[in-house]
Each structure stands twice: as structure tokens, then as C-alpha cells.
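Here the structure comes first, spelled out in C-alpha cells, and everything after it is commentary.
Computed from the coordinates by the stated procedures, all read-outs in this text should not be read as laboratory data. Note that this is a predicted model, so its numbers are computed, not measured. Note that we place each Cβ from the backbone using ideal geometry, even for glycine, and neighbour counts take in every protein chain shown.
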Amino acid sequence: GATIGILGGGQLGRMLSVAAARLGFTCHIFEPGIAPPAAQVANRLTTAAYDDTAALTAFARDCDVVTFEFENIPTEALDVIEAITPIRPGREALRISQDRLTEKNFLQELGLKVAPFADVPDAEALARAVRDIGIPSILKTRRFGYDGKGQVRLSSESDVATALDGLAGAPAVLEGFVEFSHEVSVIAARGPTGEVACFDPGENVHRDGILHSTTVPARLSASQRTDAVLIAAKILNALDYIGVLGVELFVTPQGLIVNEIAPRVHNSGHWTQNGCSIDQFEQHIRAVAGWPLGDGSRYADVVMENLIGADMDKVPHIAREKDASLHLYGKAETKAGRKMGHVNRITR
Ligand code: ATP
Ligand code: MG
Ligand code: MG
């Protein structure tokens, strides 16, 4: 059978490996960190840094196709791999999603609604951006932000002076604060022949900038539901995308506003493991392996709850619950803010 390479050995790489194994593929994980969650389930593991050209070359030679579980892979590493074996989804999706400013411009050029935004390279630009966009607003680093890290909320004028210090001078964008009623996301897939399949949108609740829960069905009208899917398809087609993509949306009286995209399987798609016969992980593996996309229709109502840090103490209790499916990532050390697992509760 074919070998699928995965850059990144976190929980997403782990769950992708499980899905790949179920379809008979061999999985090879590339991960700089020691004993990553995916190592317990993958067939092969390369432990090396992303600037280790020899290791990258050997990894790429072993793989029929390479995919990834996170978007911040150094460009040079991708160049080495791509000279040997295909990377799916492609480089364009990575280039765009690695930088919030590039991503916002891309979405706006597609005709999609985004929060008002401005480039903030320095303090002078921040003053100008605050004048244009106003307060409340959020200053976000252009690169490397996740789980709400690298963000400073501006609630009053007095926050402006110290905002850039909070980001250690990293290039940033200022975003107007969107008064949304709730947040939803679409987990969408596109196959190599261009067919698109979307999972039912999920409704997301964040706590301290980290995803807390996803509920399906989301509170959306029929037309909002259609809109959400059309937005996702537009993005997939524009990127000539192969694989699964997450699209985060704000629901407002003015319509759906795109918050951000993630060119990979997404935390808010974990409910699909117990709500669909083909989950987001299998859908991604199918797409990158050149298989037809599967039927992602939803057969249950599900609430996915993340188990973060000390939430792990609840596991013995959850293990006794009816209709609760536990997914634990096998991380050695529990830390505050670290995603340790999740539970999918079937509610109907
Ligand atoms: P992720 O882990 O999803 O990649 P991230 O660090 O990239 O997170 P965002 O998705 O940009 O961060 O923001 C995290 C959360 O903060 C959003 O889901 C939303 O709840 C809130 N938020 C972000 N931007 C805005 C905005 N412009 N207006 C209102 N709320 C916002
Ligand atoms: Mg993000
Ligand atoms: Mg987000």
C-alpha cells in the first residue's frame, strides 16, 4: 500500500494516522519533538528538525504523498519535500494561511466579508489603524498565533500604548471587533478532481481564546447554512485545494463574516468522529490519497467538548457516561491550556 507522510505529530497527526491505518495506508510522521502523540499510532517516525535537509529528503523519499497537521511549516522544508514528492493541500494554501494579513486580503478579494482590518507594522501604523477602525478592536500577530495566543484586545484608548509590547513588536494586524451572535465553522473537503463535500456547520464556543465546545446542528437558518457552504466552496476552489479545510465564521445580522481559515483538519470538526460514517480525518486522507471523497452526512446530534489541562480529572466520570465517546491524545504531561483530549456526546 501507499505511504502517507504527515508533517507534525500532535493530536491531529495522530487522528489522521488512525484514519489512514483504517484505510490500509502506512503512515510516516515527521516531528521535531520527542514522543509526540502520533508516535503511538504511526508506522514510522522521523524525529528531526525542519532544517535537517538529509532527514527531510529521506522522509520525502519514503512517502507517496505528504500532508501536514499545522500551517507554520518553514518554506525551505517544503521546498526540499516538494522536489521529491507531492504536498497536499498545495503550497498556495499554506502561503496564504501562514500570514493573517495575506489571508484577510485573499478573502476580501474573493468577495467574502471579513472584519475591518489594517496592517500594523509599527506604533505609528497602530495609531492610524485605531483612528480608522476604532475601539473595541483586536491586535493580532500576523504569524504563528493559535488558541488566542498573540492577541491583545483593545477596549479603551489606554490599551493602545502597551498593545504592541504585548506582541513583543511582532508585525500585526488590527481587526475591528465583530459583534457576532455566535460562531460557527464549516469543515470542507475538496478532492483531486474538484468535487467538494462539506460537513454540517458546527457552532463553536471559545473560552479564554481556546475552543471549548462544538455543537451540531448549529443555530443557522437554511439560507445561512447554504451561505456557509458556498463560502467554503469558494475558498477551496480559489486555492485549487486538495484535502480538508476549516473555515471559522462569525454570525451577524449583516451575514456571515469569515474570521480565519485553517488548511487542515480542525478542532471544530472532531464531532464528525461520532456523528458521521466518514469523519474529517478519513475525508482528508481520502482526498490527499486520490480517493473519492466519502459521504460526510451527519446521522446524529453531537456536542464535542475539549478536555484541556485539568479537565482530564473528569475522565473517570466521563468514562461511565452513556453516549459519550472519549478521544484521548496520550500526552505525557498535563499542562494548563494544553489540549489533552475531547469527548463527543451524542445528544440525539
Ligand atoms: P485558533 O486556535 O482558532 O487558530 P487564533 O489564535 O487564530 O485561534 P482567532 O480565531 O483569530 O485566534 O480568535 C480566537 C477567538 O477570538 C475567535 O474564535 C473569537 O471568539 C474571538 N475573536 C477573534 N477575532 C475577533 C474579532 N475580530 N471580533 C470578535 N471576536 C473575535
Ligand atoms: Mg487561527
Ligand atoms: Mg480561530
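Figures for the structure shown
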| read-out | value |
| --- | --- |
| Calculated FRET efficiency for the pair GLU195/ALA83, C-beta based, R₀ 30 Å, to 0.05 | 0.55 |
| FRET efficiency for SER155 and ARG61, using Cβ-Cβ distance with R0 set to 41 Å, rounded to 0.05 | 0.20 |
| 5 angstrom amide H check on ILE308, placed H, neighbours 5+ away | MET340 |
| Net charge over other residues, Cβ less than 11 angstrom from the Cβ of LYS331 (K, R count +1; D, E count -1) | +3 |
| J(HN,Hα) series, segment 328-343, from Karplus relation 6.51 cos²θ - 1.76 cosθ + 1.60, nearest Hz, glycine and proline x | 10, 9, x, 6, 5, 10, 8, 9, 4, x, 8, 6, 9, x, 8, 10 |
| Spin-label model distance (nm) - ASP301 vs LYS113, 7 Å beyond Cα toward Cβ | 2.7 nm |
| CD proxy at 222 nm, helix term only [per DSSP H run n ≥ 4: -39500 (n - 2.57); per residue of the chain; nearest 500] | -8000 deg cm²/dmol |
| Three-way shape label, segment 116-176, alpha-carbon gyration tensor, a/c 1.5 | rounded |
| Of every Cα-Cα pair in segment 198-348, the percent that sits beyond 19 Å | 56 percent |
| Residue-by-residue Karplus 3J(HN,Hα) for segment 105-120, coefficients 6.51, -1.76, 1.60, Hz, glycine and proline x | 4, 4, 5, 5, 5, 6, x, 8, 7, 10, 4, x, 9, 8, 5, 10 |
| Proportion of all alpha-carbon pairs of the chain beyond 39 Å (%) | 12 percent |
| Amide hydrogen neighbours beyond the local backbone of ASN259, cut-off 5 Å, H modeled | GLU248, LEU249, PHE250 |
| Amide H within-cut-off set for PHE177, under 5 Å, with H built and near neighbours excluded | SER137, ILE138 |
| In Hz, Karplus ³J(HN,Hα) per residue of segment 182-188 (6.51, -1.76, 1.60; θ = phi - 60°; x = Gly, Pro) | 7, 10, 9, 9, 10, 9, 10 |
| Relative packing of 140-152, 87-99, which averages over residues the other C-beta atoms within 10 Å, highest first | 87-99, 140-152 |
| Residues HIS182, HIS284 arranged by fewest to most Cβ contacts within 10 Å | HIS182, HIS284 |
| Total formal charge among the other residues, if their Cβ is under 13 angstrom from that of ARG225, Lys/Arg +1 and Asp/Glu -1 | -1 |
